[in-house]
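The values are calculated or read from the model by the stated rules, or taken from the named source; none is laboratory data. None of the values given here were measured: they were computed from a predicted structure. All Cβ positions, glycine included, derive from the backbone under ideal geometry; neighbour counts span all protein chains shown. Quick note on the areas: whole protein, heavy atoms, side chains included, nothing else; ligands and nucleic acids left out. Shrake-Rupley method; radii C 1.70, N 1.55, O 1.52, S 1.80 Å.
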Amino acid sequence: MTDAETERSPLLDVRGLSRRFDVSQPWLNRKLSGAGKLYVNAVDDVSFTVARGKTFALVGESGSGKSTIARLIVGLLEPTRGDIVFDGIWLGQGLKGAEARKLRRRFQMIFQDPLASLNPRWRVSDIIAEPLRVFARDMPARDPLLRVGELLALVGLSAEDGVKFPHQFSGGQRQRVAIARALAARPDFIVCDEPTSALDVSVQAQILNLMKDLQREFGLTYVFISHNLQVVRHMADEIGVLYLGRLAEVNKAKALFETPRHPYTRMLLDAVPDIEMTGRPRKRVEGEIPSPIDPPPGCAFHPRCPFMNERCRREIPRLVEGVACHAVEEGRI
Amino acid sequence: MTEPLLSVRGLTVEFPTRRGVLTAVNNVSFDIMPGEVLGVVGESGAGKSMTGSAIIGLIERPGRIAAGEIRLQGERIDGISPSAMRTVRGRRIGMIFQDPLTSLNPLYRISDQIVETIRTHLPISLAEARRRAIGLLDDVGIPDAERRIDDYPHQFSGGMRQRVVIALALCAEPDLVIADEPTTALDVSVQAQIIDVMKRICADRGAAIMLITHDMGVIAETANRVAVLYAGRVVEIGPVRDVIKDARHPYSVGLMGAIPKLGGDAERLTQIPGSMPRLSAIPQGCAFNPRCERVFDRCRVERPEPIAVAPQREVACWLYDEPRSDGRAHA
Amino acid sequence: MTNDPMTTRQIEPVIPPRPPGLLRQALDSDMFYSWRNSPVTIVATFTAAALILVALLAPWIAPYNPFNPATLNLMDGFTPPMSEGAFSDNWFLMGADHQGRDVFSTIMYGSRVSLFVGAMATLFAMTLGVGLGLASGYNGGTIDAVIMRIADIQLSFPAILIALLIFGVARGLIPPSQQESMAIWVLIFAIGLSNWAQFARTVRGATMVERQKDYVAAARIMGVHPALILLRHILPNVLGPVLVIGTIGLALAIIEEATLSFLGVGVPPTQPSLGTLIRIGQQYLFSGEWWILFFPAVTLVLLALSVNLLGDWLRDALNPKLR
């Protein structure tokens with residue numbers, strides 16, 4: 001591949017990703033009650049690509065599988081089916097040793113609850129220095145403490161904060177520490193799982209701005225996971241809307257918000273309380289999200305969909321030109 | 001002008017601790033008119049939930065109301081006996097909390113809980129109470145209410161449970177409902193439904209709502225007026241639309257700018273530097289002064305009290321004190 | 001408000017300062033605060049410290065060496081407390097036993113044995129229990145099931161029975177010539193093995209909670225080896241309850257050792273522990289020589305009580321809910 005081609009090829013390519021969880025009762029209980037095995041398809045046949053230096057957002061409500069996808073990408077979970085290709089390298093089983101380490105250095109994750117993602121018994125300097133130690137062989141030989149000081153300054157903390165423990169910080173500052181740790185080994189790809197949903201609005205603004213600044217400064221690629229449509233609108237270049245483990249719609253951020261196509265996306269946009277639309281009339285939203293253990297057959301959204309027909313009850317719609325909907329496909333909407 | 005339904009004057013809640021007395025709510029005053037929805041918004045530590053708890057007399061020990069008075073229809077309800085308070089709660093003030101499971105007893109059927117609450121407060125027969133409970137559940141949008149009334153709380157989904165809680169809060173026909181983060185635990189699409197139900201059912205019954213939340217979007221959709229709290233004090237109060245479109249207090253201005261908008265294309269959000277002070281380290285003068293970019297000398301010394309800047313609007317900020325002791329050169 | 005993009009900004013790296021010294025930290029901590037505000041704990045600390053110090057220094061500070069036949073006079077037997085021996089110049093603070101040994105000195109030496117056995121047994125139980133608990137909680141599955149069922153079975157027998165059983169089996173396996181010298185180690189092994197299950201259970205539970213937390217996920221994403229995750233990340237976070245059980249376990253192990261020695265299956269009579277002393281003493285209780293039993297028993301009670309009180313305080317101080 002030439003440089004120009006590398007430039008244009010996606011950094012992350014997810015194809016047909018699926019993950020099934022066994023949620024059966026323990027063996028003995030199952031035998032006693034005569035119940036069978038139970039599975040949840042948390043993620044079902046999800047495909048998308050993430051362009052270099054851009055932010056791809058996955059948005060969905062509870063049970064949509066968005067956090068599972070995050071964990072699959074960073075390798076905390078093994079996919080049941082499907083492939084994840086990072087910068088042309090297939091991330092399957094069998095990636096070991098130095099090669100795996102080189103790759104791991106390049107991706108990082110930022111979690112929802114900064115208090116849980118920082119070891120409470122470690123000092124902030126040690127927390128930020130951990131990736132430096134783990135990837136010492138792949139990093140320029142420098143005083144790790146100097147780098148820690150640099151990282152602390154980068155995320156807007158002071159060097160004196162390094163000796164403190166996580167519980168001595170506010171929520172926003174803790175998330176800054178988590179970001180500093182994520183950046184320590186100079187990754188180019190960061191998965192952000194609801195990074196601001198535990199934070200107050202004014203602090204959220206600080207963190208979102210910081211993340212944008214860092215993206216520009218270091219050319220980072222983000223996969224940004226959130227349930228908050230406003231935040232996603234602000235951060236993302238491209239958005240995938242998830243419903244019960246499947247992608248309902250994928251589109252450029254602006255287009256998705258201006259001309260939502262999938263009935264679920266439309267409903268979601270109608271439901272968001274937005275401060276700029278005070279007192280506007282809203283369409284009534286119907287129904288609730290079904291249980292992922294027993295999803296409706298066919299299109300999972302059909303029980304709540306105003307455009308539902310017989311085909312929707314039977315047949316799972318495929319993602320065609322960014323929308324998985326029979327009604328859109330048939331030109332009914 | 002009509003008499004306010006609820007009138008809070010100079011409410012101060014204190015918590016004595018081993019490192020000194022913490023003031024969680026500091027000289028807070030506001031009114032709620034009959035049938036009105038007052039939004040109370042603030043970030044964590046602003047004292048918004050504590051204000052709600054003070055009104056219904058549910059402050060956890062060792063906290064206590066140190067000053068101020070709370071009047072419901074002109075009658076004081078702070079410092080009354082626990083049994084008198086219990087009658088006020090439920091009968092005259094209904095409550096909706098963030099987690100429906102704190103309001104519902106998992107061991108009893110929904111029917112038992114609602115019917116018992118109705119019969120505790122209203123002199124009606126068992127059959128009548130049950131009929132009424134079914135009607136209420138139907139009203140809050142629980143399908144097949146007649147059959148589902150005999151289910152247990154765990155048999156309902158999160159959104160349905162919150163509907164049951166709304167029914168429970170309204171079953172004794174209170175004049176005021178205090179809703180503390182009623183939709184925070186719910187998904188966006190369910191949240192919209194719950195807001196609708198709450199608004200509609202309270203409007204039907206003429207009940208006022210005190211809506212406590214951190215989500216300005218929910219307030220924008222629901223409330224008539226909004227009070228913005230910061231570090232245990234009201235910094236701004238006024239009609240929702242005015243406060244959102246034309247915030248006056250520097251904190252409210254920052255808060256509105258910090259919220260990402262669906263329509264907006266802003267590259268960066270407005271950000272307020274720093275974070276809400278801890279209760280043990282609230283700055284002297286205006287509590288917001290270290291984070292405020294328009295701060296001047298007076299802000300660091302003297303605490304601003306709410307100043308009327310327009311009809312129905314008050315702002316606790318020295319910038320709006322006339323005649324202005326001009327310190328804007330410092331800004 | 002502030003709207004400075006960070007792209008153009010130059011960062012002057014400042015090396016973070018070194019953490020404060022351990023003593024400074026300890027004195028600043030909430031633990032120290034809660035210790036200072038609990039008079040019972042302060043008394044318990046000093047009692048335990050004094051007993052331990054005396055035990056450690058016994059060979060140098062004891063007035064007599066009760067196991068050196070040269071200084072013993074059998075005729076001094078049964079000398080009451082605070083009096084001089086009838087046939088020697090020896091003065092007995094707590095009286096003398098049937099062999100003319102100074103009870104005060106035998107207690108000092110006896111506490112030494114008791115503490116040594118208790119501490120070593122607890123350390124052994126702790127290491128074994130924490131190790132198995134970590135492995136069990138982190139891996140789950142079959143390893144977890146096997147370890148926990150063994151623990152369940154063991155916990156359904158009284159610890160003393162288990163210790164007796166292990167002691168008996170070990171005795172049978174060791175050649176008689178070495179039984180005397182090995183006795184103390186067999187005892188430690190028996191008591192330790194009968195107490196590991198408590199540690200394992202607690203650590204397993206705590207590990208299962210910690211394992212789910214995102215800081216472990218963060219380390220896993222970096223590819224940190226599971227053993228290092230257990231050791232560096234999880235272990236420090238599950239150590240709180242281990243210290244509590246360890247302290248209370250020490251008191252229990254001391255009592256267990258005393259019980260075994262009282263039953264005559266513990267340390268050899270040439271190296272008497274507090275339990276052995278009590279066994280010897282109880283033979284003379286009804287003939288009026290109460291001091292031979294009384295003083296060792298009081299020492300045992302003081303030791304177990306003060307260590308237990310320390311454990312209680314530790315549990316409260318480490319429990320965030322009680323703060």
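Details
- The long axis of helix C:159-173 is offset from the longest Cα principal axis of chain C by roughly 70 degrees.
- Summary of the geometry: the range C:273-287 and the range C:104-141, compared by the centres of their Cα atoms, lie 26 Å apart.
- Each Cα pair under 8 Å and six or more residues apart adds its separation to the average, and for the range A:3-243 the resulting relative contact order is 28 percent.
- More than 27 Å apart - percent of Cα-Cα pairs taken over the range B:1-150: 36 percent
- Ellipsoid semi-axes in whole angstrom, largest first, where each is sqrt(5λ) of the Cα gyration tensor of the range A:3-243: 31, 22, 20
- Each Lys and Arg Cβ is given +1 and each Asp and Glu Cβ -1; about its Cα centre, the protein assembly as shown then shows a dipole of about 880 debye.
- When the GluC sites (Glu not before Pro) in the range B:45-80 are filtered for DSSP coil states and for at most 15 other beta-carbon atoms within 10 Å of their beta-carbon, the remaining sites are B:E60.
- Restriction of the GluC sites (Glu not before Pro) in the range B:115-184 to DSSP coil positions whose beta-carbon has at most 13 other beta-carbons within 10 angstrom yields no sites.
- Positive-end extreme of charge dipole, chain C - chosen from C:L243, C:G131, C:P69 (charges on Cβ): C:G131
- Sequence-distant contacts, meaning Cα pairs under 8 Å at least 6 residues apart, place the relative contact order of the range A:220-333 at 22 percent.
- Buried accessible area, chains A and B (both chains, 1.4 Å probe, Å² to nearest 100): 3900 Å²
- Here the Karplus relation 6.51 cos²θ - 1.76 cosθ + 1.60, evaluated at θ = phi - 60°, turns the backbone of the range A:292-302 into coupling constants of x, 6, 9, x, x, x, x, 6, 4, 8, 4 Hz, with x for every Gly and Pro.
- Inter-probe distance in nm under a simple model that places probes 7 Å from Cα toward Cβ, at B:D265 and B:R86: 6.2 nm
- Model label zone, C:L305; criterion: amide N under 19 Å from point 7 Å along Cα-to-beta-carbon; scope the range C:89-129: C:107-108, C:111, C:115
- Counting only the Cα atoms, the range C:107-177 fills a convex hull of 124 Å³ per residue.
- The alpha carbons of the range C:142-257 stretch over 56, 26, 25 Å along the principal axes, in descending order.
- The stretch between A:A35 and A:E321 holds 98.8 nm of extra length on full extension. This uses 0.36 nm per residue minus the Cα-Cα distance.
- The residues of the protein assembly as shown present an accessible area of 45 Å² per residue when probed at 1.4 Å with all protein chains retained.
- Unsatisfied cross-links (Cα-Cα over 28 Å) in the set B:K48/B:K199; A:K252/B:K261; A:K254/C:K213; A:K54/B:K261: A:K254/C:K213
- Residue-span extension gain [B:S44 to B:R303] - 0.36 nm each, minus C-alpha spacing: 91.1 nm
- In this structure, A:N309 and A:D188 have a Cβ-Cβ separation that, at R0 = 56 Å, corresponds to a calculated FRET efficiency of about 0.80.
- The label-point distance for C:N37 and A:E217, in a model that sets each label 7 Å from Cα toward Cβ, rounds to 4.2 nm.
- Note, ³J(HN,Hα) from phi for the range A:57-72, Karplus 6.51, -1.76, 1.60, rounded to Hz, x at Gly and Pro: 10, 10, 10, x, 8, 5, x, 7, x, 5, 5, 4, 4, 4, 6, 5
- Mean projected area in nm² (Cα convex hull; one quarter of hull surface) for the protein assembly as shown: 53.5 nm²
- In Hz, Karplus ³J(HN,Hα) per residue of the range A:191-205 (6.51, -1.76, 1.60; θ = phi - 60°; x = Gly, Pro): 8, 10, 9, 6, x, 10, 6, 8, 10, 6, 4, 5, 6, 4, 4
- The longest stretch of chain A left intact once loop-based GluC sites (Glu not before Pro) with at most 11 other Cβ atoms within 10 Å are removed from consideration, loops following DSSP, is A:1-320.
- D (Stokes-Einstein, µm²/s), Kirkwood Cα radius, chain B, 0.692 mPa s at 37 °C: 156 µm²/s
- Interface A:C - total buried accessible surface [probe 1.4 Å, Å², rounded to 100]: 3100 Å²
- Projecting the Cα positions of A:Y39, A:S125, A:G240 onto the charge dipole of the range A:3-243 (unit charges on Cβ atoms of Lys, Arg, Asp and Glu, taken about the Cα centre) puts A:Y39 furthest along the positive direction.
- Hypothetical label at B:E60: residues of the range B:99-114 whose amide nitrogen lies under 20 Å (7 Å Cα-Cβ projection): B:99-106
- Per residue, the protein assembly as shown reaches -13500 deg cm²/dmol at 222 nm when only DSSP H runs of four or more residues are counted, each adding -39500 (n - 2.57).
- In this structure, the amide hydrogen of A:I110, modeled 1.01 Å from its nitrogen in the peptide plane, lies closer than 5 angstrom to those of A:V191, A:C192, A:D193, counting only residues at least 5 positions away or on a different chain.
- Over chain B, relative contact order from alpha-carbon pairs under 8 Å, at least 6 apart, %: 20 percent
- List A:V320, B:V188, ordered by accessible area with a 1.4 Å probe, largest first: A:V320, B:V188
- Taking the Cα centre of the range A:3-243 as origin and assigning +1 to Lys and Arg Cβ atoms and -1 to Asp and Glu Cβ atoms, the resulting dipole is close to 740 debye.
- Under 5 Å, built H, 5+ apart or other chain: amide partners of A:I89: none
- Members of the range A:56-74 that become less accessible by 40 Å² or more once partner protein chains are added (1.4 angstrom probe, chain alone as reference): A:E61
- Leading residue at positive end of dipole, chain C (Cβ point charges), from C:I160, C:T207, C:A197: C:T207
- Once both labels are positioned 7 Å from their Cα atoms along Cα-to-Cβ, the gap between A:L28 and C:L243 label points is 3.6 nm.
- Given their separation in residues at 0.36 nm each and the Cα-Cα distance between them, C:T142 and C:L56 gain 26.5 nm when the chain is fully extended.
- Long-range amide H partners of A:A248 with built H, under 5 Å: A:V241, A:L242, A:Y243
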